[in-house]
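Notes to accompany the following structure.
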Amino acid sequence: MDQRIGAWVRETRRAHGYSIKEVGAFLGVTYQQVQKYEKGANRLTVARLIAFTSALGISPNTLFLRLQNDHGAVVHSQDGYRAARIASQIEDERALKSWLAQGRKLKGPTS
């Protein structure tokens, strides 16, 4: 899981055009620490993850939606992006969990 979260951090950082040093400044850590987060060698705390998403103007829910995906791959479709936008706007944690659970029921069981 740490590696998947780290990969998401790396992809998100690159997609927004930030360097490792800039992300380190957002988080108050060295660029070496960011490298460790991105490789999954060190666990990224929830507080730092929220600081990262906040600095980039991203909802933490986008990460949870990404992790919800069976294979950890970004959903590259109009429906996938629409779902990500909807999930990022659901602020109530219970409502988000319910919405994600409903999606699992529609897809069927996962292995």
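The values are calculated or read from the model by the stated rules, or taken from the named source; none is laboratory data. On a predicted model such as this, the values are computed, not experimentally measured, just so you know. Glycine gets a Cβ as well: all are built from the backbone with ideal geometry, and neighbour counts include every protein chain shown. Just so you know, the surface numbers come from the protein's heavy atoms only, side chains and all, with ligands and any DNA or RNA stripped out. Shrake-Rupley method; radii C 1.70, N 1.55, O 1.52, S 1.80 Å.
Annotation for the stretch 35-47: no member residue is at pLDDT below 85, open to solvent by less than 80 Å² (accessible area, probe 1.4 Å) and in a loop (DSSP other than H, G, I, E, B). When residues in the stretch 52-62 are screened for being in a helix (DSSP H, G or I) and open to solvent by 40 Å² or more (accessible area, probe 1.4 Å), 2 of them pass. Listed by first and then second residue, the pairs linking a residue in the stretch 29-45 that is among the polar types (S, T, N, Q) to a residue that is exposed (fewer than 13 other Cβ atoms within 10 Å of the Cβ), with Cβ atoms under 9 Å apart and 6 or more places separating them unless they lie on different chains, are Thr30/Lys21; Gln35/Ala41. If you check Arg14 against the conditions, is it over 15 Å from Phe64 (Cα atoms), part of a loop (DSSP other than H, G, I, E, B) and either open to solvent by 20 Å² or more (accessible area, probe 1.4 Å) or modelled with pLDDT of 90 or more (or both)? When the stated conditions are applied, Arg14 does not pass them.
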